Amino acid sequence: MCIYIIYSPVRLARRTLLSTSLALAICAIGVTVYGAYIMKHMGQIEEHRDITIMSKNLQKSPYHLQNFPLGVMAVGHALFLFFLCGPFVLRSDKSNAFYLYGFALLGMGITCCLTPNIIRNIAENFLDELDTPELEPTLNQEQFLEVIQFYAQCCGVTRRDFNSTFHPSELPMTCCPSWEWVRLKSENHKDCPWSDAYEAGCRDAIIETDFSQRIFVPIGLVQVYAGMAAIYLALDL
C-alpha cells in the first residue's frame with residue numbers, strides 16, 4: 001500500500017510533467033543561446049562582406065538572413081515562457097488546462113520529430129536547384145549557399161564543383177575556414193584559394209553531419225511523453 005502511494009500513477013505523472021517542463025524550459029534557453037551564437041557568426045560574415053558574395057548588388061537585393069538569429073532567439077524566449085506554464089498547470093489542477101497543455105506538447109513534439117526530415121528536404125531541394133547547369137543562381141540563392149557553407153564547413157554542392165554556381169576560379173570566401181579569412185584578406189585574396197577550400201561538398205556534409213536528427217528527435221520525444229502525462233492527469237480529474 002505504501003509502495004502504491006509513493007509510486008501511484010497520478011503522482012508519477014505529475015512529477016514527470018513537472019520535470020520534463022523544467023527540462024524543456026532549459027532547452028529553450030539553449031535555443032536562445034544558440035540564436036546569439038548564430039548572430040555572433042553572422043557578424044563575422046558581415047565584418048568580411050567585401051570578400052564574400054554577400055557584398056554584391058546589396059542595394060538591388062538586400063541581405064535579410066541576419067534576421068534569422070533574431071527569429072531563433074524569439075522562438076527560444078517563446079518556448080521558455082510556454083514550458084514554464086507546466087508548473088502553473090499542475091498548480092491549477094484543472095482538466096481543461098491539462099488538456100490544452102498536453103495537446104500543445106503533443107503537437108510540438110510530433111512537429112519536432114519531423115523537423116530533421118523537413119530541414120534535410122529543404123536543403124537538398126535547394127542544392128538540387130543550384131546543381132542545375134541551365135539555371136543561373138539568383139543572388140539570394142548564392143547568399144543562402146554561403147550561409148550553408150559557413151555552418152556546414154563545406155564548399156559547393158558536390159565536392160567543390162562550382163561549374164553551375166560560381167566561376168571555377170572564384171570560390172567564395174566561405175569555402176575557406178573562417179579563421180583563415182583575416183590572413184587571406186591581408187594577403188589581398190578576394191576569393192578562397194582552391195588549396196585552402198573545404199574538400200567536402202555541402203550535400204555530403206548535410207547528410208554526414210545531420211546534427212538536427214540528434215537534437216530535434218530526442219526533444220520531440222520528451223515533449224510527447226510530457227504531453228501524454230498531462231492528458232493522463234486531465235482524464236484522472
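The values are calculated or read from the model by the stated rules, or taken from the named source; none is laboratory data. This is a predicted model, so every value here is computed, not measured. No Cβ is skipped: glycine too gets one built from the backbone with ideal geometry, and neighbour counts run over all protein chains shown.
Quick look at the numbers
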| item | result |
| --- | --- |
| Segment 98-108: number of residues that are over 13 Å from D236 (Cα atoms) and surrounded by fewer than 22 Cβ atoms within 10 Å (Cβ to Cβ) | 6 |
| Wholly within segment 149-237, helices (runs of 4 or more DSSP H) carrying at least 3 residues that are modelled with pLDDT of 80 or more | 211-236 |
| Enumeration of residues in segment 86-96 that are free of Cβ contacts under 8 Å to residues at least 24 places away in the same chain and surrounded by 13 or more Cβ atoms within 10 Å (Cβ to Cβ) | S92 |
| Close pairs (8 angstrom Cβ cut-off, 6 or more residues apart or separate chains): under 11 Å from F216 (Cα atoms) in segment 100-119, modelled with pLDDT under 90 and outside any helix (DSSP H, G or I) anywhere | P116/D210 |
